[in-house]
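The values are calculated or read from the model by the stated rules, or taken from the named source; none is laboratory data. Because the structure is predicted, anything quoted here is derived from the model rather than measured. Every residue, glycine as well, gets a Cβ built from its backbone with ideal geometry; the counts of neighbours run over all protein chains shown.
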Amino acid sequence: MVMGSRTTWQRVWCRREYLVPRTSFLEPRFPKVAAVVPIHNGKDETLTFLESMACATYPNLEVIVVDDGSTDGSREAIAACFPQVSIVRGDGNLWWSGATNLGVREALRRGGDFILAINNDNVVEPDFIEPLVETARSHPKSLVTSKMYDYSDRNFIFSFGGVINWYVGEIRDRNNRRDLIDFDRTSDCDWLHGSSTLIPAAAFAEIGFFDRENCPQYQGDAEFSLRARRRGYRLLTEPKSVVYNRTAVSSGTEALNRERVREMLTSYRSPFYFRANYKLYRDYCPCRPVLLFLAIRYLRMLYSIFRRRFVDRTRRNG
């Protein structure tokens, strides 16, 4: 789907202009951007995201949704409301990295110059792509991510790129509740979200795809960006590109027994998934011994669970 360029017909949905395919007269200064959106269920969230994407002003944009086995009618709803969105079907076992890889391969086959890895839990500003492309073209060997605000609290910067401190087990987002940095300047960072990141098509030939085997869900974006940085790519955050993220943080209220800990370490759905975290530390942590600093990371993550529980309990009893 190409949005943002007016041709001979339009489709109006929810009072939004839905603009249609790429035309031959587009200026070469607008390289083709292919947005790859992995989904599994979340129909309403996806439609809201696509509605915001339909207002994107970038004139050479294609949207590819990878539906990895949704059972809530997402695919049918997208086809009905946004017929120019390309839908690629997964088998339900791709997870984030596998689904994104499938979409990237399709985007490369269609001649995308840049791949925009973006999730359906975002709502975007209409002009969010232009600054990403401008920065990427100004810094040819770079990956560029958006400035992400919290959808519910538009004064809170949820992510301005990622920061890593291997010594204390910290792999997190930079935000304006913890970091004293200038959030209004293009900035280098340690790792990038896969939630709204522009990647040159040529990067995939040079460094490969997202690591589906070791990081199927969590840490896939961090691992890919660290691999890119090792190969000489800059990791940049562009403040003029604004999106709003609706990710809800779990309070972790389940009983932390032996079975729960085992599940946290072995489930793809868990940020504690051992194989993904071990992959990051084994391949990229400069500190040795790796297992010691990985243990510090797990202690920090467990502490965050107990802290959230304490805050939740205090609020309920307050």
Q: Take Phe209 and decide whether it is surrounded by fewer than 20 Cβ atoms within 10 Å (Cβ to Cβ) and under 14 Å from Trp96 (Cβ atoms).
A: yes
Q | Set Asp150, Asp190: member being within 21 Å of Pro38 (Cα to Cα) and of a type in the set (Asp, Glu) | A | Asp150
Q: Could you please let me know if Leu116 is crowded, with 18+ Cβ neighbours inside 10 Å, within 25 Å of Ser241 (Cα to Cα), of a type in the set (A, V, I, L, M, F, W, C) and in contact with a Leu (Cβ under 9 Å, 6 or more places away or on another chain)?
A: yes
Q: Would you be able to tell me the number of residues in the stretch 126-182 that are in contact (Cβ under 8 Å) with a residue 40 or more places away in the chain and of a type in the set (S, T, N, Q)?
A: 6
Q. Quick one: in the stretch 140-154, which of the residues that are of a type outside the set (Lys, Arg) and loosely packed, with under 15 Cβ neighbours inside 10 Å is nearest to Asn60 (Cα to Cα)?
A. Pro140
(Q) For Ile157, only one of the following conditions fails: (1) buried (at least 20 other Cβ atoms within 10 Å of the Cβ); (2) touching a Lys or Arg at 6+ places or on another chain (Cβ under 9 Å); (3) under 23 Å from Lys279 (Cβ atoms). What is its number? (A) (3)
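A quick yes/no check of all residues on (1) in contact with a strand residue (DSSP E or B) (Cβ under 8 Å, 6 or more places away or on another chain); (2) under 24 Å from Pro286 (Cα atoms); (3) not aromatic (Phe, Trp, Tyr):
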residue	(1), (2), (3)
Glu125	yes, no, yes
Thr135	yes, no, yes
Ser138	no, no, yes
Ile157	yes, no, yes
Gly169	no, yes, yes
Asp173	yes, yes, yes
Asn176	yes, no, yes
Ile181	yes, no, yes
Asp188	yes, yes, yes
(Q) Need a quick list: strands (runs of 3 or more DSSP E) entirely within the stretch 134-246 having at least 1 residues that are small (Gly, Ala, Ser) and within 30 Å of Leu291 (Cα to Cα). (A) 157-159, 162-165
Q) Of all the residues that make up the stretch 285-295, how many are touching a residue at least 60 places away in the same chain (Cβ under 8 Å) and farther than 14 Å from Phe272 by Cβ? A) 4
Q. Does Thr57 satisfy the criteria of being part of a helix (DSSP H, G or I), of a type in the set (S, T, N, Q) and modelled with pLDDT of 95 or more?
A. no
Q.
If Ser187 meets every condition in (1) farther than 17 Å from Thr247 by Cα; (2) of a type in the set (S, T, N, Q); (3) buried (at least 19 other Cβ atoms within 10 Å of the Cβ) apart from one, which number is that one?
A. (3)
